[in-house]
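Here's the structure we're looking at; comments come further down.
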Amino acid sequence: MGLFDRIKKAFTGKDDSEEKDLESKSQEETTQESDKTSETTEQTDETDVPKKSDEEISVESKVDDKDEEPVENSQVDEISEDTESDSSDLKQADETEFTEPIESSQGEPVSEIPESQQNETEDENSVEEPITEEPESKEPEPVDEENNEESTEDSEPKDDLKEYDEGLKKSRNSFGARFNRFLANFRSVDEDFFDDLEELLIESDVGYETAMRISDELREEVKLENAKKKSDVSNVIVKKLVDMYGEEGKEEDNSLKFSTDKTPTIFLFVGVNGAGKTTTVGKLAHRYQQQGKKVLLAAADTFRAGAIEQLQEWGKRDGVPVQASKAHTDPASVVYDAVERAIKEEFDVLLVDTAGRLQNKEGLMRELEKIKRVITRELPDAPQEVLLVLDGSTGQNALSQAKQFNETTKVSGIVLTKLDGSSQGGIVLAIRNELHIPVKLVGLGEQMDDLRDFDPEKFIYGLFKELIVGASNK
Ligand SMILES: Nc1nc2c(ncn2[C@@H]2O[C@H](COP(=O)(O)OP(=O)(O)OP(=O)(O)O)[C@@H](O)[C@H]2O)c(=O)[nH]1
């Protein structure tokens, strides 16, 4: 069973093949009924349906012809080579102070989907209905600074599925609206159909290569599945997207690696400034601290003014110590001190926050290499993870940043942040299909517990919910 059918079965209780069986059964029954009652008409050719409904669209013969398909390069977003200029756009975000209420309790993963949720999903709009903006979720009430501790204890843990569902609402609406506009324009599956489909996919950040691959494979599939109605075509497209994603990720291990002996586990966080490194370090420290682990943070961004204080602020909120030095100290020496301390004082986890920007790109990459060498010299199995933090809302820039970082600093996993924002979501498909670096964590908000282990099935459901469930309401 492909990923699409697995997700559909988990969330609606039935998969496509069962639906098709049901459909053909009911069609058979209807035919038998009409045979009995019909007094006159004898249908000689079963495929020749005399009256086509408005929705039906013909698959033209040229669908076959792959070579003739025009590929418009101009549709492809230019991928910026310069991470420093990418990051300058994000600079403003640095200034944000952490004034949000502190929420606590790491949500534990839920394996079962609550029944109430299943029923709810079955009532969702079908794909042919425009997906209207869902109402924004209610902002959490601000919490009085002095009462933080009390509310931390009282707050309910968020469950994973709900977090994915709520966190991906904007991305889902944006993809859904785009997809509906695309479907609304269609009358037939011809060359224009494939041009528009490629445009839709590229705009949704799935990446150029992936968009072309999906488009090519769909030519065959639309024919094979004999997709004529809009709902059939839509189903084939979403199924293809999801199944291809499942296929590409078969060998992928999304779990975080830990030290296998008594030595501390070290995670090194890299990425351009503003991507969300410090926030992710703060969120993860909170998680491990809540699990009873002894956590140390290292402030190895000694370049950006305010970066050390920002991490120290997180340390205070999390109740964990921060190894820091004065601004402009050699970051490798801060990391050396942190590793020594982590070993000596038997910390379980050391999280290292690094600079997102130096005078130039080469300098940054050299610095990251030096930090890694210092760690490995002290603890040969560390760092257990080099996590590249990418801002999910920067689309294709995130992909080019990942390529650059991976060339110089071997990245073991990706943290995709700000998926609760205006991300198109497709970047997750592009990362898997084009980079093959596993996404390990996702940021679904700014609060302390808005960091989740990446769960591909919940992510895909969160992103395509209406389209997957809608496909069962054909
Ligand atoms: N909505 C949302 N905002 C996030 C998320 N993760 C981080 N942010 C915000 O993004 C902004 C930048 O985050 P930082 O953690 O300072 O980024 P950084 O990579 O450490 O930046 P430098 O320290 O300059 O290298 C802050 O305002 C964070 O609150 C997320 O998952 N969702």
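The values are calculated or read from the model by the stated rules, or taken from the named source; none is laboratory data. Worth saying up front: this structure is predicted, and the values here are computed from it rather than measured. Virtual Cβ from ideal backbone geometry, glycine too; neighbours counted across all protein chains shown.
Among the residues of segment 261-294, which ones are of a type in the set (Val, Ile, Thr) and in contact with a Pro (Cβ under 8 Å, 6 or more places away or on another chain)? It would help to see each step written out before you state the result.
Pass one, segment 261-294, residues of a type in the set (Val, Ile, Thr): 263, 265-266, 270, 272, 278-281.
Residue satisfying the conditions is Ile266 alone.
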### Message
Go through (1) within 30 Å of Thr376 (Cβ to Cβ); (2) touching an Asp or Glu at 6+ places or on another chain (Cβ under 8 Å); (3) of a type outside the set (Ser, Thr, Tyr) for Lys229 and report which single condition fails.
### Response
(1)
### Failed item, numbered, when Gly356 is tested on (1) more than 16 Å from Lys370 (Cα to Cα); (2) modelled with pLDDT under 95
(1)
### Members of segment 341-350 that are over 16 Å from Ser259 (Cα atoms) and touching a helix residue (DSSP H, G or I) at 6+ places or on another chain (Cβ under 8 Å)
none
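For segment 169-188, name all the residues that are closer than 23 Å to Tyr245 by Cβ and not basic (Lys, Arg).
Result: Ser171, Asn173, Ser174, Phe175, Gly176, Ala177, Phe179, Asn180, Phe182, Leu183.
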### Query
Does Ala324 qualify as being away from the ligand (no atom under 16 Å from the Cβ), closer than 25 Å to Leu451 by Cα and among the small types (Gly, Ala, Ser)?
no
### Summary
Exactly one of Ala307, Ala275, Ala299, Ala355 is in contact (Cβ under 8 Å) with a residue 40 or more places away in the chain, among the hydrophobic types (A, V, I, L, M, F, W, C), closer than 18 Å to Leu451 by Cβ and within 16 Å of the ligand (Cβ to nearest atom), and that one is Ala275
## Note on the structure
The lone condition Asn433 fails out of (1) closer than 17 Å to Glu203 by Cβ; (2) crowded, with 22+ Cβ neighbours inside 10 Å is (2)
### Query
Which residue, of Ala285, Ala275, is over 23 Å from Met365 (Cβ atoms) and within 25 Å of the chain's Cα centre (by Cα)?
Ala285
### Query
Can you name the number of the only condition in (1) under 20 Å from Arg452 (Cβ atoms); (2) assigned by the TED database to the domain that holds Arg341; (3) more than 10 Å from the ligand (Cβ to nearest atom); (4) buried (at least 24 other Cβ atoms within 10 Å of the Cβ) that Val242 fails?
(2)
### Query
Can you name every residue in segment 424-467 that is outside any strand (DSSP E or B), touching a strand residue (DSSP E or B) at 6+ places or on another chain (Cβ under 8 Å) and within 13 Å of the ligand (Cβ to nearest atom)?
Leu444, Asp450, Phe454
### Task
Tell me which residues, restricted to segment 278-291, are more than 12 Å from the ligand (Cβ to nearest atom) and either within 20 Å of Gly306 (Cα to Cα) or not assigned by the TED database to the domain that holds Gln384 (or both).
Ala285
### Query
If you go through segment 383-391 one residue at a time, do you hit one that is of a type in the set (S, T, N, Q), in contact with a Ser or Thr (Cβ under 7 Å, 6 or more places away or on another chain) and more than 13 Å from Leu268 (Cα to Cα)?
no
### Task
Only residues in segment 391-419 that are aromatic (Phe, Trp, Tyr) count as the first member; pair them with residues that are in a loop (DSSP other than H, G, I, E, B) and within 13 Å of the ligand (Cβ to nearest atom), Cβ under 8 angstrom, at least 6 apart or cross-chain, and list the lot.
Phe405/Gly271
### Query
Can you name every residue in segment 394-423 that is assigned to a helix (DSSP H, G or I), among the hydrophobic types (A, V, I, L, M, F, W, C) and within 16 Å of the ligand (Cβ to nearest atom)?
Ala398, Ala402, Phe405
#### Entry: Residue tally, condition under 26 Å from the mean Cα position of the chain (by Cα) and crowded, with 18+ Cβ neighbours inside 10 Å, over segment 184-201
5
### Query
Only one residue in Leu200, Leu218, Leu183 is under 27 Å from Gly443 (Cα atoms) and among the aliphatic types (A, V, I, L, M), so which one is that?
Leu200
### Task
Test Val335 against the criterion of being within 14 Å of the ligand (Cβ to nearest atom) and either closer than 24 Å to Gln289 by Cβ or in contact with a Phe, Trp or Tyr (Cβ under 7 Å, 6 or more places away or on another chain) (or both), and give yes or no.
no
### Query
Just checking, how many residues over segment 246-273 are surrounded by fewer than 23 Cβ atoms within 10 Å (Cβ to Cβ) and aromatic (Phe, Trp, Tyr)?
1
